[in-house]
Amino acid sequence: MRLALFDVDGTLIDADGSGRRALEKAFAETFDLGETPELAGRVRFSGELDPVIHREIARLLGISSKELEAGRKRLLASYLAHLESACGRPGKSRVLPGVQRLLERLHATRDLQLGLITGNLEAGARIKMAPHHLNHFFPSGGFGEDGPDRAAVARVAVERVAAGPAGPVEAALVTIIGDSERDVECGRSNSYRTLAVASGWTSWQDLAAAEPDHLVADLVDTDRLLEILTK
């Protein structure tokens, strides 16, 4: 059994910054900031875990760890409400080129499972993908709340697949597909194969420097990608 683990933002979809905007509003509401903070360019989102992003935002805003922990439930509820509202409206959020056809082909492939590897909280990832009807391709995965870093989250994703009908998956038969050098790093640290795609916010040059097993501009060439993911 082979396993293809996909990142979400910048790999499967472009959510047009809806997550960042929802988080800005959630911090303003939860911590009574008076005005919505502008986080663009100040906090790295690409390839990072949501809990890490939350801690970095809190640090920049002068919110203590104790205050952040005390307000965590309200922050998450506010964030998910704003995210669902944004994703439920017509906008610029889109499935990236080639994704729909590739997932349909992979879903129909014998001896291959699909899963997610994302820094998003699971609820957030599901909300982002719901308007594009992608959730059914991914029954499980690893999410931002599942570990201290991306490598640990990837291991959780593999363990969840192994706990299902497919059974255990050898590390050499797992491929991480993502648009960040963090995806490449998390794959290498676990001895998983890596497929980097330059469809997000990391340049081709930076992705190449991370030395993935494969590097593509996008997910349009279905036949080539099927060969990579199933050989």
hydroxyl-bearing (Ser, Thr, Tyr), outside the structural domain of residue 225 (by TED's automatic domain parsing), more than 30 Å from residue 109 (Cα to Cα) and surrounded by fewer than 17 Cβ atoms within 10 Å (Cβ to Cβ) - does that describe any residue in the stretch 58-65? yes
Which of the helices (runs of 4 or more DSSP H) contained wholly in the stretch 86-181 include at least 3 residues that are out of contact with any helix residue (DSSP H, G or I) (no Cβ under 8 Å at 6 or more places or on another chain), more than 22 Å from residue 10 (Cβ to Cβ) and not hydroxyl-bearing (Ser, Thr, Tyr)? 150-162
Have a look at 139, 212, 165 and point out the one that is of a type outside the set (A, V, I, L, M, F, W, C), without any contact (Cβ under 8 Å) to a residue 12 or more places away in the chain and either farther than 30 Å from residue 41 by Cα or crowded, with 22+ Cβ neighbours inside 10 Å (or both). 165
Hey, can you tell me all the residues within the stretch 192-231 that are part of a loop (DSSP other than H, G, I, E, B), charged (D, E, K, R) and either at pLDDT 95 or above or closer than 25 Å to residue 17 by Cβ (or both)? 211, 213, 218, 221
Please verify whether residue 67 is in a helix (DSSP H, G or I), without any contact (Cβ under 8 Å) to a residue 24 or more places away in the chain and of a type outside the set (A, V, I, L, M, F, W, C), treating the condition exactly as stated. no
When the residues of the stretch 215-228 are narrowed to those that are of a type outside the set (Asp, Glu), touching a strand residue (DSSP E or B) at 6+ places or on another chain (Cβ under 8 Å) and under 18 Å from residue 14 (Cα atoms), which ends up surrounded by the fewest Cβ atoms within 10 Å (Cβ to Cβ)? 217
Check the stretch 208-228 and report whether any residue there is among the aliphatic types (A, V, I, L, M), closer than 18 Å to residue 2 by Cα and touching a Lys or Arg at 6+ places or on another chain (Cβ under 7 Å). yes
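The values are calculated or read from the model by the stated rules, or taken from the named source; none is laboratory data. Being a predicted model, the structure only gives us computed values, none of them experimental. Here Cβ is always computed from backbone atoms with ideal geometry, including for glycine, and neighbour counts include all displayed protein chains.
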